[in-house]
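These notes concern the structure reproduced below.
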Amino acid sequence: MNLRRLLRPVRSRFLFLFTVAPALLVACNKEDAQSTFGTSGPIADTQANLFIFIFWIAVLVFVLVQGALIYSVLKFRRRGSDDSLPAQIHGNTKLEIIWTIIPVFILIAIAIPTVKIIYDHEEPPTNEGPVLDISIRAHQWWWEIEYPGEDVVTSNEIHIPVGQWVNFTMHSDDVIHSFWVPKLAGKLDIVPGDVREINMKADEAGFFFGQCAEFCGEAHAKMRFRVKAEEPAEFQEWLDSMRRPPVELVSSDAIAGQSLFAANCSTCHSTNTWQAPAARNERTRLAGLRSAYLDNQEDAVVIAAPNLTHFGTRETLGAGLIDLNAENLIEWIANPDDIKEGTRMKELAVPYRNNSLSSDDVRQIAAYLLELKPVAADAVMEPAGGSSGTAIERGAATFAGNCSGCHSTGADPVVGPGLAGVSSRGDDAYIRQSIVEPGAVIVDGFPPAMPSGFGTTLSTEQLDDLIAYLKSL
Ligand code: CUA
């Protein structure tokens, strides 16, 4: 026996050990974050049970067929020096009917529960309380999340209440993606131009892994997300906190980072959707960025990008890729491609093209983002731009929440010009245009940094109040 032949079984054992066995272990280990066996909700549960039912039928068929095969090979093998052919049989009606009918019954046995479950899962049960609606929009390569009717928009981390049914409505602006939270439900393809729905419920609190499950381009494998299932009171507190203003920035890095963010990042990323008008406008704003990108991909400097409101409360970064902490965030902002090959941030954004962000700038932007957290519930006296007080007082609140990151109320420039005495530069119409169409009227010596469409995030009343306040400076 030569060496190669001797090694063959060893080689195949190695192959099994290093390929098939780990795959089986990972797939079947209930503890694995993306295992479909360690389920945490009724939909995934039913689907796993159906899989196990079909699996055992398949095992039975496998054992019977292979058993018959091995039996025949051994029993009817050629013996001794007998060269004669065995009896040649052509056709056996009884046998053919049997092996046609048996699979028909097996397939019926599989089809009945499968079809029933497909129909059962179409709608959430009607007798288990109200259903929470969440709208999901898949982008290359991140997830836009909206809570319709709640004025809450976020990205990549989906909060849901434990024990309540959730109906996800799925959209895509670009290519086909697939929404999959293995521990909660099977996957659903998201096809551009088509609106699809999937229901699920979490039976226990947890931070569940999600993954795009349809190849959608370069960063497909890193188009992940998380579902955070929380006790109902905790979920409601999160929802409320997303509508509260951010805490005041503390560190000098964060304060410097705010202006850097406004000048370099805010054209694509929002941080202000805690205000209802901005939240309501976010979908339109992102759709605008997306179509601006499609109109001129060659020279594009914008694209729909994840909403970053209260980003400091998140746990992950880069669409569920890595833990959110200062070190990772700095690395991400400095060189996003190192963490997520294919992300368009570096390819499109002007500061990367011009190589204009210093390592200090990056550190300060990261400090700003990490300090973006909502104020405590009892700290909200009057919502910014609220309905009490004089027009000038309401305008001052709107200014503090929307404009103060880039404009001082004195003469000093921040990112944009200081606004003291702005009324001497033009009339109401001039101020209004400066807010609504920032590109049309730029004060000499300042960059066109103010996000276009900025004014559309304000209601008509907020805009009137803001103009009244600005004129008072
Ligand atoms: Cu989106 Cu794969």
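Taken as a whole, the condition of being open to solvent by 20 Å² or more (accessible area, probe 1.4 Å), at pLDDT 90 or above, more than 15 Å from MET345 (Cα to Cα) and not charged (D, E, K, R) does not apply to THR309.
Residues in the range 89-115 that are surrounded by fewer than 10 Cβ atoms within 10 Å (Cβ to Cβ) and of a type in the set (D, E, K, R): LYS94 alone. Total residues in the range 187-200 satisfying the condition of being open to solvent by less than 30 Å² (accessible area, probe 1.4 Å) and away from the ligand (no atom under 16 Å from the Cβ): the figure is 2.
Do we have PHE207 as aromatic (Phe, Trp, Tyr), more than 16 Å from the ligand (Cβ to nearest atom) and touching a strand residue (DSSP E or B) at 6+ places or on another chain (Cβ under 6 Å) here? The answer is yes for PHE207. Selection of the range 138-164 for residues being of a type outside the set (A, V, I, L, M), assigned to a strand (DSSP E or B) and open to solvent by less than 40 Å² (accessible area, probe 1.4 Å) yields HIS139, TRP142, TRP143, GLU144, TYR147, THR154, SER155, GLU157, HIS159, PRO161. All of (1) within 30 Å of CYS216 (Cβ to Cβ); (2) open to solvent by 70 Å² or more (accessible area, probe 1.4 Å); (3) assigned to a helix (DSSP H, G or I); (4) at pLDDT 95 or above hold for ILE118 with one exception: (4). The strands (runs of 3 or more DSSP E) found wholly in the range 165-216 and carrying at least 2 residues that are in contact (Cβ under 8 Å) with a residue 60 or more places away in the chain occupy 185-190, 196-200, 206-212.
Restricting the search to the range 262-283, which residues are at pLDDT below 90 and among the hydroxyl-bearing types (Ser, Thr, Tyr)? Scanning the range 262-283 gives SER266, THR267.
Within the range 414-436, if we keep just the residues that are out of contact with any Leu (no Cβ under 8 Å at 6 or more places or on another chain), over 18 Å from SER266 (Cα atoms) and not in a helix (DSSP H, G or I), the residue that is modelled with the highest pLDDT turns out to be ASP427. When you check ASP203 against the structure, is it surrounded by fewer than 20 Cβ atoms within 10 Å (Cβ to Cβ) and more than 23 Å from ASN49 (Cβ to Cβ), yes or no? So ASP203 does not fit the description; no. So, in the range 175-186, of the ones that are buried (at least 18 other Cβ atoms within 10 Å of the Cβ) and closer than 24 Å to GLU218 by Cα, which residue ends up nearest to the ligand (Cβ to nearest atom)? Top of the filtered list is HIS177.
Which of the residues that make up the range 213-264 are away from the ligand (no atom under 16 Å from the Cβ), of a type in the set (Phe, Trp, Tyr) and buried (at least 21 other Cβ atoms within 10 Å of the Cβ)? PHE261 - this is the single residue of the range 213-264 that is away from the ligand (no atom under 16 Å from the Cβ), of a type in the set (Phe, Trp, Tyr) and buried (at least 21 other Cβ atoms within 10 Å of the Cβ).
With respect to (1) of a type in the set (Gly, Ala, Ser); (2) within 16 Å of the ligand (Cβ to nearest atom); (3) over 10 Å from the mean Cα position of the chain (by Cα), the lone exception for SER155 is condition (3).
Kindly establish whether ILE89 is more than 58 Å from the chain's Cα centre (by Cα) and not charged (D, E, K, R). So ILE89 passes the test.
The values are calculated or read from the model by the stated rules, or taken from the named source; none is laboratory data. Fair warning: this is a prediction, and the values are worked out from it, not measured in the lab. Cβ coordinates were reconstructed from backbone atoms using ideal geometry, including for glycine residues, and neighbour counts include every protein chain displayed. SASA here: full protein model, heavy atoms, side chains in, ligands and nucleic acids out. Shrake-Rupley method; radii C 1.70, N 1.55, O 1.52, S 1.80 Å.
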